[in-house]
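Structure, as structure tokens:
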Amino acid sequence: MNPAARWKTLLPASFTLLPAMCLATVAWPAPAAASDTAPTAVPESRSGDANAIDQAPAAERGSPRAGAGTLASHKGGASHERIGTPRTAATIGNGSDRAADAFLRQWPSPTGGVLVVLGAPGTNDYRRDFDRTAAFWIDAATRSSLPHRLLQPQPDSGRRLRELLREIAEHDRAAAPSADDRPNGRATSTLWLVLIGHGTFDGRTARFNLAGPDVSAEELAGWLEPIGRPQVVVCGFSCSGAFLPKLSAPGRVVVSATKSGTEHLYSRFGRFFAEAVTTSEGDLDKDGRTSVWEAFLAASRRTERFYRSQGRLATEHPLLDDNGDGQGVRAAWFDGLYPRENLAVQGPLDGIAAHQVHLVAPPKHSTLSNEQRSARQRLESELRALRAKRSRMTEADYLDALERIFLQLADVYAAADVATTPR
């Protein structure tokens with residue numbers, strides 16, 4: 001059997017599309033008609049008027065302004081009424097100690113856990129949109145059998161979040177190491193922290209608006225630091241770009257809806273990202289799973305299309321950081337999954353680690369051991385580097401190098417199949 005036929009046989013069927021992706025730019029899907037309305041219950045699909053998400057916040061009248069600090073307009077009593085809440089979001093976690101205990105009893109989990117925090121909405125329209133965004137996360141966690149918790153807006157939301165993160169850190173320190181989940185004493189399952197709401201920035205301090213005292217970027221970084229496991233922190237709120245450099249750390253993926261603290265208007269990226277990462281919509285390489293990196297790229301492009309279709313200047317430019325340098329990258333720097341050729345950016349680009357993290361993964365992914373996942377990450381990094389220097393290679397040399405990488409990827413998946421096949 002010739003080499004090309006060999007890797008096509010060994011790789012999963014969906015991976016036979018990858019050579020074409022490396023030889024040509026991945027095409028972005030065209031905007032679907034009537035695609036930008038929020039779901040009204042447990043998320044299944046998008047439908048309705050494409051402007052619906054814009055009608056609810058009414059041109060950002062309730063959005064925070066830079067320098068506003070803790071906004072009284074976001075903390076009125078009426079803003080915390082349980083109105084229009086999707087069934088999934090309404091029944092999972094109500095801020096009680098009993099819900100916290102149930103979440104922690106499942107921790108640490110080999111598959112990780114999801115913690116969703118709803119900030120102070122300010123208006124009923126914002127509350128409905130935030131609830132719908134949360135429903136995507138809770139529904140996906142439920143389908144994936146992941147431990148999950150939804151913190152509703154409460155006067156003591158900040159304290160509850162701090163204590164919950166502290167207890168997770170204590171669980172990680174106290175848990176007995178196992179050969180697979182805690183190599184070198186470090187857990188490998190991922191904590192997902194999703195922040196949905198509004199933010200503020202006064203030029204020095206960035207804050208996420210809670211129903212009670214707001215939480216600053218520095219405070220949140222301190223709460224997360226003791227947790228000894230990989231983390232994905234999704235800051236789906238205005239001014240969140242100022243959180244990214246504070247939260248950036250090795251072993252942590254940080255996604256922000258804006259590029260700086262000065263982008264203070266209402267953010268749509270958070271819901272677009274929630275839809276992309278929890279459904280097949282963001283699966284750009286068609287391998288049957290949507291990574292954080294793919295969801296970021298897809299949601300960023302959808303955000304860009306929204307403002308362009310409305311004839312408006314974009315007021316949010318999302319960033320992703322996964323290498324701990326605190327810089328982040330924008331989707332505009334990439335064609336498909338890969339950096340644009342001759343991109344004038346110094347230092348390593350983000351995206352490689354985020355492409356290895358999935359909220360909803362098919363059974364094929366779960367059969368890989370930690371060693372096999374590391375090998376796959378190394379090979380995918382080589383694939384990205386190869387594509388970046390393609391213009392300086394002959395076609396024969398490029399195809400030979402491409403074949404070598406794919407044969408090694410085939411061996412990784414073949415070994416996983418052998419290890420999990422019943423004897």
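Coordinate-derived values only; no laboratory data. All values derive from a computational prediction rather than experimental measurement. Quick reminder, even Gly has a Cβ in these numbers, built from the backbone with ideal geometry, and neighbours come from all protein chains shown.
The fewest-to-most ranking of HIS264, HIS171 by surrounding Cβ atoms within 10 Å reads HIS171, HIS264.
What separates the Cα centres of region 198-227 and region 261-317 is a distance of 23 Å. Peptide packing: for 194-207, 400-413, the average count of neighbouring Cβ atoms within 10 Å per residue gives the ranking 194-207, 400-413, highest mean first. The packing ranking, built from the mean of other Cβ atoms within 10 Å per residue, places the peptides 314-322, 372-380, 294-302, 219-227 in the order 294-302, 314-322, 219-227, 372-380, highest first.
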